[in-house]
Amino acid sequence: MMEVPRQNSTFKPIKPKLRPKPRTPAQTPESKYWSSFKNHQISNLISSITSLTFSPTPPHPFAATHSTSLTLFSPQTLSPSSTISSFPDVVSCASFRCDGLLIAASDLSGLIQVFDVKTRTPLRKLRSHTRPVRYVQYPVHDKLHLVSGGDDALVKYWDVAAETPIVDFRGHKDYVRSGDFSPVSHEMCVTGSYDHTVKLWDVRVTDSKWVMEVNHGKPVEDVVFLPSGGLVATAGGNSVKIWDLIGGGKMIYSMESHTKTVTSICVGRVRKESGEEGREYRVFSVGLDGYMKVFDYGRAKVTHSMRFPAPLMSIGFSPDCGVRVIGSSNGVMYVGKRKTKGDNVESGIKSFWSLGQEEEKRVMRPSYFRYFHRGQGEKPKEGDYMVVRPKKVKLAEHDKLLKKFRHKEALVSVLGSKNPENVLAVMEELVARRKLLKCVENLDNEELGLLLSFLQKYTTVPRYSGLLMGLTKKVLEMRVEVIRGSEALEDQIRNLKRSVDEEIRIQQSLQEIQGIISPLLRIAGRR
Amino acid sequence: MITGGKSYVSSPPAFSNDGKRLLVCTGNAVSIFSASTGLQIASLEGHTAAVTSVIVVPGSKILCYCWTASLDGTIRYWDFSVPELMKKVDVKLPVFSMVIPSLLGQPSLSNEKPTDLFAYLSIENTKEQNSVPKSLRGQIRKCNLTASRLIGGLILKETPQPEFIYVSSSGKFFGIRNKRKLHIWMVPAKDSGHLVAKKITLHHTKNLTVLAFHPTKRIVAAGDVTGRILVWRGFGYRLLSISDGLVSGRLVNKEEERPGVRGNDDAESCSTWHWHSVEVNVLSFSSDGAYLYSGGKEGVLVVWQLDTGKKKFLPRIGSPVLYYIDSPDPTLSSISCADNQIHILKMPSMEILKSISGIKLPNSLPGIYEGGGFAFDYSTGFVALRTENYSVQFYSLFDDCGIDEVQVCERNHQPADEITVLVTLVAISQDGSMMSTVEVKQPEEGIGGFVCLKFWALGSENKKFSLSTVIYEPHRDAGISSVAFHPTRHVAVTSSYGGDFKIWACNDEIQQKGRMIQNSGWACLAVGSYKKKPMTAATFSSDGSVLAVAAETVITLWDPKKNVLVAVIGETFSPIVTLSFAGKSDFLVSVSRGSKPQLSVWRMSKLSLCWSYKLHIEAVACTVDLLSFAVLAHLPESATRVESSEPKFHERDGVILVFNVMDPVPVATWSVRKAKGGGLAFLRGNPSSLEQNISDGNAPQEFVAYINGNHEYVLFDPYGNEANELSITRREGLVELEETGKFGYSSIYGELPELKLKRNQALSIQSAPSERPWETIFSGSSHNLPPLTRLCSAFLESLMEKRTAVVE
């Protein structure tokens, strides 16, 4: 006779039904990384945020252009540190110099100004464009020149100190809206225009003929060099395309997961603690559909997608991967901030210094007097045999009442708890005890109201409807007199009727759709 | 031949005098269990029918004698320490209950010459046949055990059915219940052959179920079918008086007022307690008479304080309580439950120390879910049984012991409630690594009905099943008719009455196709249906290449890999309920029940019927390798009636037939009892457990296991001859009784030193006064404590300061 372990004779609390787990995990590690950015909102800006740019020097403050002003934000506090508002028209674009001391900004009057970031004084005014300027940028590692593009379809290469354009690149047939300098050379730049083309210019070539041209197929809203310098990403229409410039301007991939125009793209880096993934770059794109998408161009896959409540106009990503800023058309900035590694580094140092002390801590032995002073706070060591107090089963209010066979009180208590799954579990337990209808019969007016409002809310939910539809019918059958007698209950019945009607309408339209689809599926299946 | 699966709770057990052993009636034998470990240590075998009473002869701790009475009409006297039969008394009538009051009384003084030992028996009068419908079949008779004869012509009482006899622990009274009456006899002080015991009768308005006598006072308690407990105090002063002088004073009182006492009953008062909602099964007074234990169908043991009526409970025993037995050790007692478990309780705290559990007894299920409740593990010889408390018990047929219990449905089981949630199907894969269960929740007036399919996986380390996947309503709201596993792959099929079948696959199956899935579990792979007919049975062929699904009367054959209908064969007269492939052959065995039952064998290669019988088949079992199969068939009513005159066929209502698939003439037949609700299976011979017991060393390859409706089972070799079968005896799994551990007083305070009154004062006594026994000595219930005289000396001694002995 084997001894069978005695089954647990304690009261088992009722458990709601399990929900099906998705076949694939809800979040990939990467999407988990991107959603680990803590969201903040900066909403006191005036109008659409036309551009966002980060300073290349730490601590990487960023500038947002909106309306006729340019605001600098500190990345730590996310508060505006200074505002430059000496613009004659709406500011369209801004760019930091590579040392972060100067900032160039263009506006729709055609003027380009260079400011000292600290003092906010305009140092140079570059006036040559006759139409609004949409794009201005300092080349990488070049402190003396600027490139700009405007609605006059011209791309100008400036000598900043002399306030004169060195070269006028003619070639675009429509507004120039965007551009980017190559990260590997300060002599190559691309510009994107509304004539659907992206042109690559060499500033040393002064005959104003472009080096290369690719056709995006839609008015180009934004163009950006990828960090290798050989690839270019362009945004236009609702697609983002990756082009290989070294390979002769061949399109590598076209990402078309936005539903409306993509307004801005930028490149960001995934910061991982270790491993070869540490330097993986992603293309971020935002569009008028309010989505931010993270596109892994290495694997040609959208790895993360995020929804915002407004059309998005611009995006920026800090070079230290800590801050992601998105500007919307209604003047709200959505800032995602990752917990900086700084604290950890500091604590790491601390632990390094404290390592020596820890070594000194002696293993307690019964020969040592403090061994006998160990108190309740003493943590068990690995080899210690633990005498664990049996875990007490936590019983909810309704469980306690069910244990005492007070069925009606249990039902009322769980109805008050606002968790529909628990309510269903209690109802199922009552069905198994053959007590549910008796409970319904004994409910007083107020409790009946509670039950009816629950039914009104959840009867049409498919997961619960199997039990609740039958119960609703029974309740109405059994308590019709009481319901007729009370105004409030009648109101709830009316609401219930409305939601049921709504559900019936949905079902009908679904059936119609099914009727349309099923012949198609038949035909497809025959093949 | 191995038999087992006996009920442990058919009659009340008994503790041995030292309280360390429990004697349990198990079928034709008495099994002796150790109370401390819960393991079987010996068994008393010899009776040829069920043992109904076991009485341990009280005395000192080392005395190990007992009387047993059985339905085979014999009373035997055993020395159960050896164990050895000492004496046999043949009364020739089936004994349902036996009491020997004189054993319980004060031990007779040694100078008196030993009187004859008289037993009172409750027997069934088998001489009168059923000619008179309302004949009184039960009789209370008296038997002289010393002279080994029934005392002729003395019938104390005749009852419609044989009744259980209750005896008071003082041995003065014994009684029976008879419908709404209690009959109580007083045992004469000096019993002799024809001395008739005096009788009184107490009346009640409801049918009584149980009674109990107070150990010292004239109090009797009885339970009735409505759950009331009646306590009569001072019964029988008028009629059962010991001496007239003693009672004369009381006679006056009686005339005044007798609250609660009905009519002219001979009792002083009668009070009623009501806690149980349904009938009371158990009543027992504690040994000091301060408490009354009661139990019933609710599975709660209630302790009543006799004077105040205050209650204490031992809730959630999980099954109706059948018997409560006190042991000579005041800290131990046992309760027997209807789920074939005996719990040994530590007394004042009523904590369950050990459980002795046998095979789960069949539970009464609503009609459509009857039968088919067994799943056999071919290799290990386990059977999985559905139990009433929503779990599956694994019982080893070779070792006759429970292995494990898997709780299928996490729910509190209330034994008294109507059954609304039940496990309907259990299936185990051929390698025993996977299990699937189906549970059904029945609706309340059409709402809340629910079917749930669960897959379980065997843990590689602890060899226990753990839940892998839960599927709610796998076939919408339709019930599942069968579950079958693929013989080699991790694939299962369920067929439903709703008209479709589904093939389920474990995720590692899907993973092979190159998809990455993190969480493992079962998922639906394919759905099939045939003309929207209810699918009533499903099975895979032995190599897994063919899936046969019965669509009511026809059999559809599918390719499980492509989920394509291959062929349809049929048809039978009534819906098919079971399908199974015979071994590795291409023969398919189908069983239909109903008004036109049928056993058919189909040949797959020709897609045609080979042969069929009109038989009502309860279960089918197919061998794994050979071309044979066995069926358990009900004998037709006419056959039983004709053969019932033969004693051999008495009560035998079924036959096991072994067929070769090619040949409609059975290879072998056996007749069996209680075939209704039985199960049949082929099991692989377990060499490790049987080798040492087979003399010639060639263990049979396969056994046939037959479980009858009462869950008693037999394993035998279908091909071997009789001689070989008998040589395989039961495995010697008996464990020696551990003689360690003290109990009662000595367990708390250690052995008492033998007190010598004429002690030498100079003797130095080393007991220290710092022990302070008064802190613990009086804690606990009063009935727990040793007598005051023994306590007092130990207590006072501890208070006294010890003078250091002056020894020169």
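Tabulated values for the structure
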| read-out | value |
| --- | --- |
| Solvent exposure of the range B:45-95 as accessible area per residue, Å², 1.4 Å probe | 42 |
| Test item: B:438-447 mean partner chain Cβ contacts at 10 Å | 5 |
| A:30, B:351, A:221, A:382, ranked by accessible area, largest first (probe 1.4 Å) | A:382, B:351, A:221, A:30 |
| Pairwise centroid distance, computed over Cα atoms, of the range B:159-187 with the range B:370-435, Å | 40 |
| Around residue A:18: net Lys/Arg minus Asp/Glu count, Cβ-Cβ under 12 Å | +4 |
| Efficiency of FRET from Cβ geometry, residue B:566 and residue A:502, R₀ 45 Å, rounded to 0.05 | 0.45 |
| Gyration tensor verdict on the range B:397-529 (Cα atoms; rounded if a/c is under 1.5, prolate if a/b is larger than b/c, oblate otherwise) | oblate |
| Projected label distance in nm at residue B:701 and residue A:385, using a 7 Å step from Cα toward the beta-carbon | 5.0 |
| Cα gyration tensor, the range A:42-101 - rounded (a/c under 1.5), prolate or oblate | oblate |
| Coarse-grained scattering of chain A at q = 0.09, 0.11 Å⁻¹, given as base-10 log I(q)/I(0) from a Debye sum over alpha-carbon atoms | -0.86, -0.97 |
| Gap separating the Cα centres of the range B:558-627 and the range A:301-324, nearest whole Å | 65 |
| Karplus-derived 3J(HN,Hα), 6.51/-1.76/1.60, for each residue of the range B:332-348, Hz, glycine and proline x | 10, 7, 9, 10, 9, 10, 5, 8, 6, 10, 10, 9, 9, 9, 8, 6, x |
| Residues whose placed amide H lies under 5 Å from that of residue B:262, excluding near-sequence neighbours | B:203 |
| Residue A:44 paired with residue A:367, simple spin-label distance in nm, labels 7 Å along Cα-to-beta-carbon | 6.8 |
| Simple label model, 7 Å out from Cα along Cβ direction - residue A:403 to residue A:17, nm | 2.7 |
| Estimated D of the range A:29-337 in µm² per second, where Rh is the Kirkwood radius over Cα pairs and Stokes-Einstein applies at 20 °C, 1.002 mPa s | 112 |
| Full-stretch length increase - residue A:457, residue A:86 - with 0.36 nm per residue and alpha-carbon distance subtracted | 127.9 nm |
| Nearest-10 value in Å² for the accessible area of residue A:479, using the 1.4 Å probe | 20 |
| Formal net charge of residues neighbouring residue B:446 (Cβ-Cβ distance under 14 Å; K, R +1; D, E -1) | 0 |
| Within chain A, helix-based [θ] at 222 nm, where runs of 4 or more DSSP H residues each add -39,500 (n - 2.57), nearest 500 | -8500 deg cm²/dmol |
| Long pairs among A:457/B:532; B:179/B:310; B:360/B:464, criterion Cα-Cα beyond 27 Å | A:457/B:532; B:179/B:310 |
| Protein accessible area in the range A:397-521, 1.4 Å probe - carbon and sulfur % | 54 |
| Cβ-derived FRET efficiency at R0 51 Å, residue B:684 paired with residue A:301, nearest 0.05 | 0.45 |
| Interface B:A - total buried accessible surface [probe 1.4 Å, Å², rounded to 100] | 3600 |
| When each of B:531/B:606; B:157/B:181; B:502/B:531; A:392/A:435 is checked by Cα-Cα distance, pairs over 18 Å | B:531/B:606; A:392/A:435 |
| 13 Å beta-carbon shell around residue A:108, net charge (K/R +1, D/E -1) | -1 |
| Sequence-distant lysines (8 or more away, or on other chains) whose Cα lies within less than 26 Å of residue A:218 | A:156, A:173, A:199, A:209, A:241, A:250, A:260, A:293, A:301 |
| FRET efficiency estimate (nearest 0.05) - Cβ-Cβ, residue B:520 to residue A:32, R0 35 angstrom | 0.95 |
| Cα gyration tensor, the range B:289-414 - rounded (a/c under 1.5), prolate or oblate | prolate |
| Under 5 Å, built H, 5+ apart or other chain: amide partners of residue B:702 | B:685 |
| Distant-in-sequence amide H partners of residue B:267 (H built 1.01 Å from N, under 5 Å) | B:236 |
| List A:282, B:316, ordered by accessible area with a 1.4 Å probe, largest first | B:316, A:282 |
| Order of exposure, largest accessible area first, which applies to A:426, A:184 with probe 1.4 Å | A:184, A:426 |
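The values are calculated or read from the model by the stated rules, or taken from the named source; none is laboratory data. Every value quoted in this text rests on a predicted model; they were computed, and no experiment measured them. Positions of Cβ are backbone-derived with ideal geometry, glycine not excepted, and every protein chain shown enters the neighbour counts. Just so you know, the surface numbers come from the protein's heavy atoms only, side chains and all, with ligands and any DNA or RNA stripped out. Shrake-Rupley method; radii C 1.70, N 1.55, O 1.52, S 1.80 Å.
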